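Asks: There's a structure below that I have some questions on.
The values are calculated or read from the model by the stated rules, or taken from the named source; none is laboratory data. None of the values given here were measured: they were computed from a predicted structure. In this analysis, Cβ positions are derived from the backbone assuming ideal geometry, glycine residues included, and neighbour counts consider all displayed protein chains. Accessible surface areas use protein heavy atoms only, side chains included; no ligands, DNA or RNA. Shrake-Rupley method; radii C 1.70, N 1.55, O 1.52, S 1.80 Å.
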Amino acid sequence: MFIKETTKGMRDILPREAEIREYLLNKMKKTYASFGFSQIETPCVEHIENLTSKQGGDNEKLIFKILKRGEKLSDAAEGLDIDELVDSGLRYDLTVPLSRYYSNNASNLTLPFKAMQIGPVWRADRPQKGRFRQFVQCDIDIFGDATNSAEIELITATSTYLESIGIGGVTIMINDRRILAGMARASGFDEECFSQVFITLDKYDKIGESGIEKELLESGYNPLCVEKYMSIFRGAMAAEDRFAYLDEALGGDVDEGVIANLREIVDAVATISTGRFNLDFDPTLVRGMGYYTGVIFEIKSEDFKGSSIGGGGRYDKMIGNFTGQNTPACGFSIGFERIVAALVEKNFKPSEAVEKTAVLYDKRMSTQDYALMQKAAMAARAEGKIVLVQKMNKNVGFQKQKLEAEGYSRFIDIRYPDEMAKLEEI
């Protein structure tokens, strides 16, 4: 017998949610296109070598792997472990596929290239509320621009989109991986330990300052290094001008111009935004992906109880993995599924939604009467209206309740031929 439930971690999308999703995506495409981003598509399946390049952090542990097919699988099956039977996998994000796309098509693209990519990704994660194994990601990226105008435009475009769909209380946190490295270096940590130190710092929102210090000490790091690190960290968090404090505290432990570059981005975005959203320098911001090389950012909103609804950063070395030559690259991703879930819960109604009318007719109405109803509905549809013509169910109240859940707000009931005049109300 067939199984009617979805595969674990996957889900069906009902009409009301599908309408909200379509509205948000249309708004997104329109907004990003107005900034000059071009929509592109990449395949759902990528070479396993690309997906396991140690660039995707913990996501590489969650890949849906695809076995070799046909004779290749039969020939390889004897005496090999599972990884040797795999040659491809479902993409776990859009950045790695996009980098391969650019590397493969750069000669046919303008430079700088501004890409908009929207599509499903898959992660073999543990399913739980709000976390699925298939979900949609929405990214904008700029290739070939090494200046901070790329970061400034990505932040501006993303915040403009959030404003267009009514997301309020937006704050974008910004940091730089090179500043994180400078703090660790100035504290005396060995470079091979930096990634683990960052992982601990990334828990700041959950365990706080004392928790970070405790975990670093329990991990066996030199207490003097931990003490120096926490001193720099506390000073940065307390400073009125965090840029100036870190510039002095880190000295030669951070590349020249990195802190000034971050200040320029914050100042420029403040000029553009004119107070519509906040951009804050946050020394605790880490971002987990291993491919980030410079500026990183993350979005929070009061409408989402302070949780992240997007993030991104600069990944200048990713293209070099494909071509042998590094290319400046920077991107921003929106937490589309989180936004959708919140709007569905609020019973959100798209501001641009067309009123939906349902014409419900009795089963005794003739085929000719049905044709006349459809004719009237066709005239209304030609004017841009949405009209459903549907036979009445036995429990018409329950039928209307279900239709209301799908966004229908007007109902025209036709039970007898002499009520056909009601069609003029469409």
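Asks: Name the long-range amide H neighbours of F64: under 5 Å, sequence gap of 5 or more, or other chain; modelled H, no Pro or chain starts.
Replies: Residues meeting the criterion, in which the H sits 1.01 Å from N, are L90, A124.
Asks: Roughly how many Å² is the accessible area per residue of segment 245-330, as a whole number, for a 1.4 Å probe?
Replies: Details: 3820 Å² over 86 residues.
On a per-residue basis, 44 Å².
Asks: Okay, next question. For the chain, which span is the longest to avoid every loop-located (per DSSP) member of GluC sites (Glu not before Pro) having at most 15 other Cβ atoms inside 10 Å? Walk me through the numbers before you get to the answer.
Replies: Working: sites that count: E5, E41, E78, E240, E256, E352, E355, E383, E406.
Segment 79-239 is the longest.
Asks: So, one more: Please list Y416, Y315, Y292 in order of solvent-accessible area, largest first, computed with a 1.4 Å probe with all protein chains present. Don't jump to the answer; show the numbers that get you there.
Replies: Numbers: Y416 115, Y315 5, Y292 25 Å².
Most to least solvent-accessible, the answer reads Y416, Y292, Y315.
Asks: Moving on to the next point. Which value, in Å² rounded to 10, gives the accessible area of K402 with a 1.4 Å probe and all protein chains present?
Replies: Here the accessible area works out near 110 Å².
Asks: Students often get this wrong, so check it: of K206/K300; K228/K305; K4/K346; K346/K391, which have C-alpha atoms separated by over 22 Å?
Replies: On the way: K206/K300 15 Å; K228/K305 33 Å; K4/K346 28 Å; K346/K391 31 Å.
From K206/K300; K228/K305; K4/K346; K346/K391, over 22 Å: K228/K305; K4/K346; K346/K391.
Asks: Taking θ = phi - 60°, what integer Hz values does the Karplus form 6.51 cos²θ - 1.76 cosθ + 1.60 yield along segment 167-183, in sequence order, with x for Gly and Pro?
Replies: Taking θ as phi minus 60°, the curve returns 7, x, x, 7, 10, 10, 8, 9, 7, 9, 4, 6, 6, 4, 5, x, 5 Hz for segment 167-183.
Asks: Tell me, what HN-Hα J-couplings in whole Hz come from the Karplus equation 6.51 cos²θ - 1.76 cosθ + 1.60 at θ = phi - 60° for each residue of segment 246-257, using x for Gly and Pro?
Replies: Per-residue couplings from phi come out as 5, 4, 7, 5, 8, x, x, 7, 10, 4, 4, x Hz.
Asks: Based only on the alpha carbon positions, what is the Kirkwood hydrodynamic radius of segment 306-398, in angstrom? Kindly include the intermediate steps, with their values, before the conclusion.
Replies: Working: mean 1/r = 0.0533 Å⁻¹.
Result for segment 306-398 stands at 18.8 Å.
Asks: For segment 258-297, max minus min Cα coordinate along each principal axis, in Å, sorted largest first?
Replies: Taking max minus min along each principal axis of the Cα atoms, segment 258-297 gives 33, 20, 16 Å.
Asks: Same structure, new question: Filter the trypsin sites (Lys or Arg not before Pro) in segment 153-218 down to the DSSP loop ones having no more than 14 other Cβ atoms within 10 Å, then list what survives. If you can, show how the numbers build up before the last one.
Replies: Working: sites: R177, R178, R185, K203, K206, K214; in loops: K203.
Taking segment 153-218 and a limit of 14 other Cβ atoms within 10 Å, the loop trypsin sites (Lys or Arg not before Pro) found are K203.
Asks: For segment 105-179, just list the percent of Cα-Cα distances falling in each 10 Å bin from zero outward, please.
Replies: Taking every Cα pair in segment 105-179, the percentages come to 13, 32, 38, 16, 1.
Asks: Using a ≥ b ≥ c from the Cα gyration tensor of segment 374-426 (square roots of the eigenvalues), is it rounded, prolate or oblate, where a/c under 1.5 gives rounded and otherwise the larger of a/b and b/c decides, a/b for prolate? Mind showing how you got there, number by number?
Replies: Values: a/c = 2.40, a/b = 1.21, b/c = 1.99.
In terms of gyration-tensor shape, oblate.
Asks: Report the convex hull volume per residue for the chain, counting only C-alpha atoms, in Å³.
Replies: Values: hull volume 94.9 nm³, N = 426.
It comes to 223 Å³ per residue, whole-number rounded.
Asks: Determine the shape class of segment 212-303: with a ≥ b ≥ c the square roots of the Cα gyration tensor eigenvalues, call it rounded for a/c under 1.5, and otherwise prolate if a/b is greater than b/c, oblate otherwise.
Replies: Working: a/c = 1.95, a/b = 1.59, b/c = 1.23.
Note, shape of segment 212-303 comes out prolate.
Asks: What aspartates and glutamates does K375 reach when the alpha-carbon gap must be under 18 Å and sequence neighbours fewer than 8 apart in one chain are set aside?
Replies: Straight-distance partners of K375: D362, E383, D413, D418, E419, E424, E425.
Asks: Turning to a different aspect of this structure: Equivalent ellipsoid semi-axes for segment 290-357, as square roots of 5 times the alpha carbon gyration tensor eigenvalues: give them largest first, rounded to whole Å. All intermediate terms of the calculation are to be shown ahead of the outcome.
Replies: Details: eigenvalues 258, 49, 13 Å².
Ellipsoid semi-axes (Å, largest first): 36, 16, 8.
Asks: Over the chain, what percent of the accessible surface lies on carbon and sulfur atoms, probe 1.4 Å?
Replies: Whole-percent figure for carbon plus sulfur exposure: 49.
Asks: Then there's this: Can you give the accessible area per residue of segment 95-174, in Å², using a 1.4 Å probe? Could you put the intermediate results ahead of the total?
Replies: Numbers: 3000 Å² over 80 residues.
Value for segment 95-174: 38 Å² per residue.
Asks: Let me ask something additional. Can you send over the solvent-accessible area of S164, 1.4 Å probe, protein chains only, in Å² to the nearest 10?
Replies: Estimated to the nearest 10 Å², S164 gives 40 Å².
Asks: For segment 248-407, what is the convex hull volume of the alpha-carbon atoms per residue, in Å³?
Replies: Each residue corresponds to 232 Å³ of Cα convex hull volume.
Asks: Still on this structure, I have one more. Near the amide H of R133, under 5 Å away, which other amide H atoms are found, from residues 5 or more places off or on another chain, if H is placed in the peptide plane?
Replies: M10
Asks: With a ≥ b ≥ c the root eigenvalues of the C-alpha gyration tensor of segment 231-283, is it rounded (a/c under 1.5), prolate (a/b larger than b/c) or oblate? Provide the component values of the computation, followed by the final result.
Replies: Numbers: a/c = 3.39, a/b = 1.62, b/c = 2.09.
Note, shape of segment 231-283 comes out oblate.
Asks: Sticking with this one: Using 0.36 nm per residue of separation minus the Cα-Cα distance, give me the extension gain between E60 and R263 in nm, one decimal.
Replies: Length gained, E60 through R263: 69.7 nm.
Asks: Can you compute 3J(HN,Hα) from phi for each residue in segment 109-123, using the Karplus curve 6.51 cos²θ - 1.76 cosθ + 1.60 with θ = phi - 60°, rounded to whole Hz and x for Gly and Pro?
Replies: 10, 6, 10, x, 9, 10, 10, 10, 9, 10, x, x, 10, 10, 9
Asks: Tell me the mean residue ellipticity at 222 nm calculated for the chain from its helices only (DSSP H runs of n ≥ 4, each -39500 (n - 2.57), averaged over every residue, nearest 500). Intermediate values should be presented prior to the final figure.
Replies: Details: 15 runs with 173 residues, N = 426.
Helix contribution divided over all residues of the chain: -12500 deg cm²/dmol.
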